[in-house]
Structure formats: C-alpha cells, structure tokens
Amino acid sequence: MAYFFEEPSRTFSEYLIVPGYSSSECIPTKVSLKTPLVKFKKGEEPALSLNIPMVSAIMQSVSGERMACALAREGGLSFIYGSQTVEDEAAMVRRVKMTKAGFVYSDSNIRPDATLEEVLALKEETGHATMAVTEDGTAEGKLLGIITSRDYRVSRMDPSTKVSEFMTPFEKLIVGKDGINLKEANDLIWDHKLNQLPIIDDEQHLKAFVFRKDYDSHKEHPNELLDDQKRYLVGAGINTRDYETRVPALVEAGADVLCIDSSEGFSEWQAITLKWIREKYGDSVKVGAGNVVDAEGFRFLAEAGADFIKIGIGGGSICITREQKGIGRGQATATIEVAKARDEYYKETGIYIPICSDGGIVHDYHITLALAMGADFVMLGRYFSRFEESPTKKVTINGTYMKEYWGEGSARARNWQRYDMGGSKKLSFVEGVDSYVPYAGALKDNVDLTLSKVKHTMCNCGALTIPELQAKAKITLVSSTSIVEGGAHDVVVKDNTIDAKVK
C-alpha cells in the first residue's frame, strides 16, 4: 500500500510566531535582510546574494523587464519568464542589463499620425510622460521626434490633434550616437540642460534613452542589486526541452542566474538539464531547480547540481494542480521538511544550498513565517502581479482598477514545457486559471511596507538577520478558533460609508 505521512499537510495560516526577548539594540532600522541566492561552501561567501529575500515568479503576467528593473532597484531579483521565444527572452534580459548601465529601452512609442487621445492613453498604460515618435511606432523604428508633457496642454487642444503637429521634431533634438558611453551621454544632458537624451544609430533608428533622473538613482535606492559593472542583476527561466539553445542565448545576453521552471522538479529531466549545463559551463552558470516538497526531492536536486532549490506544488493562488492531479503538499509543511534536509546536507557536505519557498503567501507575515521555517527567500507571483510594473494590462472591473493575472499552466499561457512529461507538445489539461487581482500601485511603496512588517516581526523575536531569526524564532500551531480571534472580531468595523453618514 502507499506510504502515509503521519502529520497533516499544513499551510502558513495555521501558524503564528511567538515573540521572544528583544534588546534595546533590536530595532527595525538595524535589521539586515541580506540572504544567499546560490550555494556556497562552509567558510566562503556565496557568489550571488539578495539584499531582500524576495524574487518574482517566472510568469508571463509577472516578470517582464520593467518588473526586473523595479525589483532589482529595491534589492530583489526577477526571473524573466521563459514561456516565450529564445530570442524574445534574451532580448528582455539584455534590455534589463542595459537599463542600469544608463541606457533605457523605450517602452512608450507612438506613430506620428496618432492622436493626442492615443498619447494620453499610452501615458495611462505605461505611466511614462516621455514618448518616442517613430516612423512605425516601435521601440527601434526611425526616430522622428519625441513627446513630453511640455509639448501639449489637454485643456487647450483637440483630442484628435495629430502627434506630428505638437511633437518636438527630430531636427530640434540633441541626440547621442550608438556607441556613446554613459559619461559622454550624461555630459550632453548636463551641457544642454536636457531631461532625456535619445540614442540613435547611423540610420536614425532609436536604440535607447538616457535620463537625467537616473543619475542619482543609487543614492535613492541603497539596496540596489547590482553586478560588478553596476548593472541590475536579473534571472531567467529555462525549461528541460530547449535548454541547449536557450541557455547559451541567455548567458550571452547577460543573465546572472537561471532557474528551471517546472511544476514538479523531482524528475530525471531536470537532472539531465543540470548535467548538460555543468558539462558545458562548469560552475560559472548559476541555475536553480525545482519544485519539490519533501526531503527526498531536495536531496535529488542537490546531488544533481542545483545552485538553489524551489519548494512548492499547488500552493499558488492561480494554481489548480492539486485539484486536477491530486499532488502537492501544504506549503508550510513542505518548507519545514526541506529546510531540515538542507541543514542535514550542509552538515554532511559543508555545502549550503539556499531554498526558496514558492507559493502559498497570502499575507505579508507569511513571508516572515517562511523565513523562520528555514527558507532563504520567497518567490511571489500574485503579490507582484498587482503592481504598476507587472507586464499586464490595468483594467476597470465594476469601477475598481484591476490587473490581469494568469497561471503558466493556464490555456492562456500555453506553457506546455513547464508541465510536459515527455508527451506531445501541448497542454493535455490546464493546471492554472486566468484571473484578475486588485491594482496596488507602485512596487516600491508596497515592498517597503511589506519589508517593514518583516523587520518589525524579526525584532519581536530578537533577531537582526535571517539566520538569527531561524535560530531564535518560536512557532506555534494555531486552532481555527484562534485564527478568528487574530482578526477584528465582536465589533462593528467602521468603513467609509459609515464615516460619511456620521459626517
């Protein structure tokens, strides 16, 4: 008969952290959230670390280039989604690496025969006031001019006015030629008192922008996650099918770390992929693997050569793998068991392999619980999909702004490689849904709030670092009744409607 686990499978919501002694030295401003991203030997430093324990999920609706830049600016890392062509994914990685070098790929572009109404719609969609006017409306089309908020006044212009009538034309622009370095570009910006400098090639095709506001960016974002050339760190998803072409392209594009994106990682396919990468690149290419939910799965991927290991099957908000296939495990239980296996492996071998809790995060405090239970960092999908920087559309549903969010196992994503087990090149059935999530604004504001909660809770435990939290945290299982007790209860909570009536 089948093997039965003695303990039930539990989620983060079934646990609370019991506070411990905290000294006067333990204040949130002194907390460090730095954590290893890839494996390292005892006594050595990891080749890559995160400044905050958050990475964005390998999903079409989450991790595009804007998300990668925004999250790296705050100290985390995005894994560009792999369910696209090799060329498109490599191009995204390349643009992220180029952005921090000061050269920003234009994502707000418009044709000269477009209207002011279309300009305003594009501004609403991207949040950017500066737009390139190109011959074909693409990011690399022939540059004909630019539009900034100084070029038009909505109250005094007809919405049908053509862009060509109010744009700043090319002949009036100061531009830089492709090949210019960042110092030279910034000198042009300061000498000519510009807010932005378009970069073009010999055929006048737009290549990038350099912005004045980026000059002081690092001072405003002290946790920026940068490589040795001061470029943003960025990850990229791969699969176990086309890795022989995808991995070289991503490495050449500058990806700092890769991750095998799969719904279930305890598989020979992942071992084969890892073996090929090690034979071709040795340890120079860092690659994570997963997902697993028990000690046996962790040990398999550790011995196969993974640089970090992801935990979680079926816990994501848009994932229906458990409903469809009946496989998975509660995220808290999986994290606890894999963390124990990680620690045992470290004692045996002297090699520490970071683990990432992927899925099951509903509330901010669940992140702190995951870290306390042994995770080195967490991967988030729904959380990041709500932000302005996610690659999906902002839509209005019943008068409320929402963002689209769909799973990689949904029919919309068509990511058969993530779920393929050697069969035909298609999804036999879906393991994810298509949905909406409430729009939450800018990434920075939300991440700052979330991490403030994490730091405060760590101080309640007397911990100033994540390893210290894991050593000191006391965790208790809670009853269904005490879960109710933890929220507002036995009162009538005021809302805006009641307040308005009182006034």
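The values are calculated or read from the model by the stated rules, or taken from the named source; none is laboratory data. Keep in mind it's a predicted model, so treat the numbers as computed, not measured. Cβ placement follows ideal geometry from the backbone for every residue including glycine, while neighbour counts extend to all protein chains displayed. Side chains are part of the model used for accessible areas, which takes the heavy atoms of the whole protein and leaves out ligands, DNA and RNA. Shrake-Rupley method; radii C 1.70, N 1.55, O 1.52, S 1.80 Å.
Structure data summary
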quantity: Evaluation of GLU408 against (1) at pLDDT below 95; (2) surrounded by fewer than 22 Cβ atoms within 10 Å (Cβ to Cβ) (one fails), failing number; calculated: (2)
quantity: Residue satisfying all of: in region 1-24; touching a residue at least 40 places away in the same chain (Cβ under 8 Å) and over 24 Å from GLY359 (Cβ atoms); surrounded by the most Cβ atoms within 10 Å (Cβ to Cβ) among these; calculated: SER22
quantity: Any hit, region 26-36, residues being hydroxyl-bearing (Ser, Thr, Tyr) and surrounded by 17 or more Cβ atoms within 10 Å (Cβ to Cβ); calculated: yes
quantity: Evaluation of SER385 against (1) closer than 23 Å to ASP294 by Cβ; (2) polar (S, T, N, Q); (3) modelled with pLDDT of 95 or more (one fails), failing number; calculated: (1)
quantity: Top-ranked residue of region 340-353 - restricted to ones that are touching a residue at least 60 places away in the same chain (Cβ under 8 Å) and in contact with a helix residue (DSSP H, G or I) (Cβ under 8 Å, 6 or more places away or on another chain), ranked as surrounded by the most Cβ atoms within 10 Å (Cβ to Cβ); calculated: ILE353
quantity: Any chance LYS207 is open to solvent by 60 Å² or more (accessible area, probe 1.4 Å), within 21 Å of ALA129 (Cβ to Cβ) and free of Cβ contacts under 8 Å to residues at least 12 places away in the same chain; calculated: no
quantity: Total residues in region 164-190, condition open to solvent by less than 70 Å² (accessible area, probe 1.4 Å), of a type outside the set (Val, Ile, Thr) and not in a helix (DSSP H, G or I); calculated: 4
quantity: Selected residue (criterion: most open to solvent (accessible area, probe 1.4 Å)) from residues of region 359-405 that are part of a helix (DSSP H, G or I) and more than 21 Å from THR465 (Cβ to Cβ); calculated: ARG382
quantity: Residue match in region 210-218 (condition: without any contact (Cβ under 8 Å) to a residue 40 or more places away in the chain, more than 19 Å from HIS128 (Cα to Cα), open to solvent by less than 70 Å² (accessible area, probe 1.4 Å) and not in a strand (DSSP E or B)); calculated: no
quantity: So LEU197, is it more than 30 Å from ALA271 (Cβ to Cβ), of a type outside the set (Val, Ile, Thr), in contact (Cβ under 8 Å) with a residue 12 or more places away in the chain and open to solvent by 30 Å² or more (accessible area, probe 1.4 Å); calculated: no
quantity: Selection from region 428-461 of residues that are surrounded by fewer than 15 Cβ atoms within 10 Å (Cβ to Cβ) and in a strand (DSSP E or B); calculated: PRO438, GLY441
quantity: Test: VAL31 is of a type in the set (Val, Ile, Thr) and touching a strand residue (DSSP E or B) at 6+ places or on another chain (Cβ under 8 Å); calculated: no
quantity: Count of residues meeting criterion [over 26 Å from ILE320 (Cβ atoms) and either surrounded by 22 or more Cβ atoms within 10 Å (Cβ to Cβ) or in contact with a helix residue (DSSP H, G or I) (Cβ under 6 Å, 6 or more places away or on another chain) (or both)] in region 258-272; calculated: 2
quantity: All positions within region 411-426 that are hydroxyl-bearing (Ser, Thr, Tyr) and either modelled with pLDDT of 95 or more or not in a loop (DSSP other than H, G, I, E, B) (or both); calculated: TYR419
quantity: Whichever residue in region 290-322 is open to solvent by 10 Å² or more (accessible area, probe 1.4 Å) and in a helix (DSSP H, G or I) and, among such residues, is modelled with the lowest pLDDT; calculated: ARG322
quantity: Qualifying residue in region 134-142 (condition: more than 30 Å from ASP261 (Cβ to Cβ) and free of Cβ contacts under 8 Å to residues at least 12 places away in the same chain); calculated: no
